[in-house]
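Notes to accompany the following structure.
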């Protein structure tokens, strides 16, 4: 096995081009478990923790460019105001030790339907930046997840950054598990209201082969808010509307029974989380806390 | 491969490290530092918690090669020539140690908590230690120990 340790982006891309089977390792919270239990022995590990473009974040034309290797702890500490939904999701990841090491890039690379960052990225209309020696391309989050643990990155590409627009409205994230810490989600829900565009975005986790958006629910809620003039009036959100939104989010799920929960429980909890999340988000919008 | 890293203030060089080997294995089996415990090997239990460049991490989830040129501090370095660290003393006095297997990880994580937060609230203590499992104590004595250590350290 090779251990590749680039210190610049150019070196990292060259290494990935030369060793397409190399597995990138940042926090190691997924990759090292596979190694320790001998589930998977790749031809090479590609340590991406020394490439500063990957481990830093910055503003670019009003948008946040989040290096794929920024830890969850730093997202919580440094980006809670600019990326509230992702910061909320980050707080639910593992434990302090895991959040100190784990990264959104790792979540995207693993592309597990249960990854905590995915619902927040989908709701925020995030874009995933992929780089190779052939160039850079950007994939929208909702086009990134291709199947169970399969993503849109080619074998010669590295996931280099996540690009997100700071929100014009409130964001929420909910996750169900057996305890507060160290939990792989049984079901998760991300919500963003975008009053500037008058659209609603969602992300659902652990309830389908991939993280996905609940398109019909998004369109339903946006149309209802529009026709009732609620974006302007900021009047109370009708309870029945929140409930119906929850039911429509639930309809987007296609879960399985497994050791963490039954399909029926996942769908039920998804409807409850969506109803609560939209109620909280709307309260934030009314009080302008979510701007 | 060869790894050169600073462990507890001393530069250490080890050879013949397998590329997929964890920092935990390097510390325990190659450097003779068995304080960090090997239990779950998947980041669930926190028994192998160490500082890596000043931030706590599960050593089982760090590839040995990733520690190249970095600074590692293990539980072995908490005590100094003057004796045990107040966190260690509080764990002993409060009966927070039973079988002792989780203790090194809890000591390092508590050390980090109290370095960052002088007088943590109970929810803050629970949150900071959420990634450290103990199957003996029921955690109450551990919480007592953290509170005692925080009082003593704040009043020093």
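For the stretch B:61-90, residues that are in contact (Cβ under 8 Å) with a residue 12 or more places away in the chain and part of a strand (DSSP E or B) total 4. Considering only residues in the stretch B:91-129 that are outside any helix (DSSP H, G or I) and out of contact with any helix residue (DSSP H, G or I) (no Cβ under 7 Å at 6 or more places or on another chain), the one that is surrounded by the most Cβ atoms within 10 Å (Cβ to Cβ) turns out to be B:102. The sole residue among A:124, A:114 that is at pLDDT 95 or above and within 16 Å of residue A:149 (Cβ to Cβ) is A:114. Residues in the stretch B:135-149 that are surrounded by fewer than 23 Cβ atoms within 10 Å (Cβ to Cβ) and either in a helix (DSSP H, G or I) or touching a helix residue (DSSP H, G or I) at 6+ places or on another chain (Cβ under 9 Å) (or both): B:139, B:140, B:141, B:143, B:144, B:147, B:148. The residues of the stretch A:80-110 that are surrounded by 24 or more Cβ atoms within 10 Å (Cβ to Cβ), more than 14 Å from chain B (Cβ to nearest Cβ) and out of contact with any strand residue (DSSP E or B) (no Cβ under 9 Å at 6 or more places or on another chain) amount to a single one, A:107.
Can you pull out the helices (runs of 4 or more DSSP H) entirely within the stretch A:51-165 that have at least 1 residues that are farther than 27 Å from residue B:105 by Cβ? It would help to see each step written out before you state the result.
Details: elements: A:52-55, A:72-79, A:84-91, A:96-101, A:104-110, A:117-123, A:141-144.
By residue number, A:52-55, A:72-79, A:84-91, A:104-110, A:117-123, A:141-144.
Modelled with pLDDT of 95 or more and closer than 30 Å to residue A:143 by Cβ: is that true of residue A:218 in this structure?
Details: modelled with pLDDT of 95 or more: yes; closer than 30 Å to residue A:143 by Cβ: yes.
Spelling it out, residue A:218 is indeed modelled with pLDDT of 95 or more and closer than 30 Å to residue A:143 by Cβ.
Can you confirm whether the stretch A:6-25 contains a residue that is within 21 Å of residue B:25 (Cβ to Cβ), facing chain B (nearest Cβ under 8 Å) and surrounded by 14 or more Cβ atoms within 10 Å (Cβ to Cβ)? Yes: the stretch A:6-25 contains one or more residues that are within 21 Å of residue B:25 (Cβ to Cβ), facing chain B (nearest Cβ under 8 Å) and surrounded by 14 or more Cβ atoms within 10 Å (Cβ to Cβ). Taking the criterion of being touching a helix residue (DSSP H, G or I) at 6+ places or on another chain (Cβ under 9 Å) and within 9 Å of chain B (Cβ to nearest Cβ), the residues of the stretch A:31-49 that qualify are A:31, A:32, A:33, A:36, A:41, A:42, A:44, A:45, A:47, A:49.
Any residue at all in the stretch B:63-81 that's over 30 Å from residue B:20 (Cα atoms) and either surrounded by 21 or more Cβ atoms within 10 Å (Cβ to Cβ) or modelled with pLDDT under 95 (or both)?
yes
Residue-level check: of (1) part of a strand (DSSP E or B); (2) farther than 19 Å from residue A:1 by Cα; (3) in contact with a helix residue (DSSP H, G or I) (Cβ under 8 Å, 6 or more places away or on another chain), residue A:24 misses just (2).
Please tell me if residue A:244 is farther than 21 Å from residue A:142 by Cα, in contact with a helix residue (DSSP H, G or I) (Cβ under 8 Å, 6 or more places away or on another chain) and outside any helix (DSSP H, G or I).
Numbers: farther than 21 Å from residue A:142 by Cα: yes; in contact with a helix residue (DSSP H, G or I) (Cβ under 8 Å, 6 or more places away or on another chain): yes; outside any helix (DSSP H, G or I): no.
Spelling it out, it is not the case that residue A:244 is farther than 21 Å from residue A:142 by Cα, in contact with a helix residue (DSSP H, G or I) (Cβ under 8 Å, 6 or more places away or on another chain) and outside any helix (DSSP H, G or I).
Might you check whether a residue that is more than 13 Å from the chain's Cα centre (by Cα), facing another protein chain (nearest Cβ under 10 Å), farther than 15 Å from residue B:107 by Cα and surrounded by 24 or more Cβ atoms within 10 Å (Cβ to Cβ) occurs anywhere in the stretch B:54-62? Break it down into steps so the answer makes sense when it comes.
If we filter the stretch B:54-62 for residues that are more than 13 Å from the chain's Cα centre (by Cα), which is where we start, we get B:61-62.
Among the residues that remain, those that are also facing another protein chain (nearest Cβ under 10 Å) are: B:61-62.
From what is left, the residues that are farther than 15 Å from residue B:107 by Cα are B:61-62.
After this cut, where a residue has to be surrounded by 24 or more Cβ atoms within 10 Å (Cβ to Cβ) as well, the list is B:61-62.
Yes.
Restricting to the stretch A:26-46, name every residue that is crowded, with 24+ Cβ neighbours inside 10 Å and closer than 13 Å to residue B:61 by Cα. Passing the criteria: A:26, A:27, A:28, A:29, A:32, A:35. Step by step: first the residues of the stretch B:10-47, then only those that are away from chain A (no Cβ under 13 Å) and in contact with a helix residue (DSSP H, G or I) (Cβ under 7 Å, 6 or more places away or on another chain), then the one that is surrounded by the fewest Cβ atoms within 10 Å (Cβ to Cβ). Which residue is that? So the residue we want is B:34. Within the stretch A:55-74, the set of residues being in contact with a helix residue (DSSP H, G or I) (Cβ under 7 Å, 6 or more places away or on another chain) and within 14 Å of chain B (Cβ to nearest Cβ) comprises A:69, A:70, A:71, A:72, A:73.
The values are calculated or read from the model by the stated rules, or taken from the named source; none is laboratory data. As the structure is a computational prediction, the values presented were derived from the model and not from experiment. Because the Cβ atoms are built from the backbone with ideal geometry, glycine has one as well, and the counts that use them run over all protein chains shown.
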